[in-house]
Amino acid sequence: MNDILPNISPGRLIIVAYRLPFKVVRRDDDSLAIVQNSGGLVSAVLSLARNAHYAYFDPGEKVHWIGATDTSFPLADQSILETDEFIAHPVVIDEQLHENYYEGFCNNLIWPLCHYFPSLARFKDEYFEAYQLAHDFFFARVAEVIRPGDVVWVHDYQLMLLPAMIRERFPQQKIGFFFHIPFPSFELFRLLPVVWRKAVVDGILGADLIGFHTNDYVEYFLKTAWLVSGHNNKLHYIHMDDRMVKVDSFPISIDFEMFSNAYSDPETVSKRNEIRKSLPLKIIFSVDRLDYSKGIIHRLRGFREFLTRCPAWHERVSLVMVVVPSRDTIQQYQQMKFEIDQTVGMINSEFGSLGWQPVIYQYRSMTFAELLGMYTTSDVALVTPVRDGMNLVSKEYVASRADGKGVLILSEMAGAAAELGEALIINPLDLHNVANAISAALDMPEEEQIKRMTLMRERIREYDVFAWAVDFFTQMTMLEMEQTRLNQT
Ligand code: GDG
């Protein structure tokens, strides 16, 4: 990259995301250490920083990560805030502020609006005040850390005001922004009060490069930027007074090789044998966090419809449905869980027998080995969000099927559907459509499964999470070159 871009001098990479990707552990000698969480974003960032050929960042520098901590983080001991590759900068937000900022503005307003649940959105002045105030805390950390030449990469809906705050104080800084959830159509976005929606759009436009998962989200954002802020675009470029902003799609991905290699990992093999022994039937698998956007109830209704229509499959197939606990202190989520529990009970009591449980339902999280065991054993993965920014579970299922077998049923409302056209694409709200897809998946000949899987695997292998991150920064670099050229003319 340096050869191609001799004039670009590498700076440090500063990630700002709502959460720090670390947990605190106590060592045997009682001292504390921070341990990196695993996760797509962390791996992608590390690969960028480690790749010496990719000279956008200074390889001699650690990656700085600014993010909030949970209360277990021992702030007094600053010495543990550094790992071999990261320097963590904790942002401390007190409980009351956090309640209105994160639970309030982020999760009671932006999340439901962006996932097309406007009836669940709560509009409270104190939410927006807290959202702004919380940004001051994140910004203070950025201002402490930042140096000329650094690249700041801001993530997601919890930090939409931050790019403009950084731009105002550090006009020359290179700033990227990535949005992980769906950006909704203007008809949804316009429900935000006028001042709030303008602050949000102008906040995001503080970045040089703005990334979304799909072209649809890009189009919705561009239209919103025009209608809310009067900024028009030409082929995804917005010309501000003194600079250029680019808006584009970067479909986030996964570490393909890790999932693919895990197929033959001894731990996965042993889990697979365990599962096959205890459940010698066809297996349909689903796993997601407890959330109304994930379409868990719709999935159950579709499965029930399938059982009603296809008695020949009774006693021969089970749906293994894992729901990972999330936000379950909130009444709305408790209610949702109650409805799921009830629906599972109804299906099992209606169709089950002494030797057969149609839905095997677990409300817990799984270890990575268990997850891989399920991915690689399941005949069908049933992924039915009613709205999802991307959906990594669908990509992980495909990547882990190194045997080429298995069928993915995927909601058209997931960002991933734009890339995984060989899946059986369904509308999760249409239970007949879901039921038909389940039946087609269970009947699909092995040859066709392999044909579809192979195409999807190749696509994910090619554009994995590392390619995603490189793509983002390559575009940042091109933008910078273009800007330099324009400044010189
Ligand atoms: C947001 C957007 C977008 C889940 N349960 C267990 C477990 N997981 C892992 C999966 C997967 C991840 O969590 C879930 O990723 P998703 O993409 O499905 O969803 P969100 O968490 O809602 O993420 C989403 C994403 O950001 C990235 O931009 O795709 O649309 O909503 O990696 O494997 N992992 C383990 N045990 C579990 O029980 N080990």
Open item on the list: Of all residues being within 18 Å of the chain's Cα centre (by Cα) and among the acidic types (Asp, Glu) in region 368-401, which is nearest to residue 215 (Cα to Cα)? Just the residue, please.
Closed with: 388
Open item on the list: Pull out all pairs, ordered by first then second residue, where Cβ-Cβ is under 8 Å, the residues are six or more apart or on different chains, the first lies in region 335-355 and is surrounded by fewer than 17 Cβ atoms within 10 Å (Cβ to Cβ), and the second is of a type in the set (Lys, Arg) and part of a helix (DSSP H, G or I).
Closed with: 346/304; 350/304
Open item on the list: more than 30 Å from residue 380 (Cβ to Cβ), within 16 Å of the ligand (Cβ to nearest atom) and among the small types (Gly, Ala, Ser): is that true of residue 206 in this structure?
Closed with: no
Open item on the list: Looking only at region 349-361, how many residues end up being away from the ligand (no atom under 16 Å from the Cβ) and under 20 Å from residue 302 (Cβ atoms)?
Closed with: 8
- [ ] Return yes when residue 253 is among the small types (Gly, Ala, Ser), within 13 Å of the ligand (Cβ to nearest atom), buried (at least 20 other Cβ atoms within 10 Å of the Cβ) and at pLDDT below 95 and no when it is not.
- [x] yes
Task: Single condition residue 217 does not satisfy, out of (1) in a strand (DSSP E or B); (2) crowded, with 19+ Cβ neighbours inside 10 Å; (3) within 16 Å of the ligand (Cβ to nearest atom) - done: (1)
- [ ] Please give the helices (runs of 4 or more DSSP H) falling wholly within region 74-172 in which 1 or more residues are over 30 Å from residue 242 (Cβ atoms) and modelled with pLDDT of 95 or more.
- [x] 111-114, 125-145
Task: Residue ID - surrounded by the fewest Cβ atoms within 10 Å (Cβ to Cβ), chosen from residues in region 362-407 that are away from the ligand (no atom under 13 Å from the Cβ) and of a type in the set (Lys, Arg) - done: 405
- [ ] For residues that are hydroxyl-bearing (Ser, Thr, Tyr) and more than 16 Å from the ligand (Cβ to nearest atom), scanning just region 275-312, find the one that is surrounded by the most Cβ atoms within 10 Å (Cβ to Cβ).
- [x] 308
- [ ] Mind listing whichever residues of region 174-191 are in contact with a Lys or Arg (Cβ under 9 Å, 6 or more places away or on another chain) and more than 12 Å from residue 415 (Cβ to Cβ)?
- [x] 175, 184, 185, 186, 189, 190, 191
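The values are calculated or read from the model by the stated rules, or taken from the named source; none is laboratory data. Just so it is clear, the model here is predicted, and its values are computed rather than measured. Note that each Cβ is placed from the backbone with ideal geometry, even for glycine, and that neighbours are counted across all protein chains shown.
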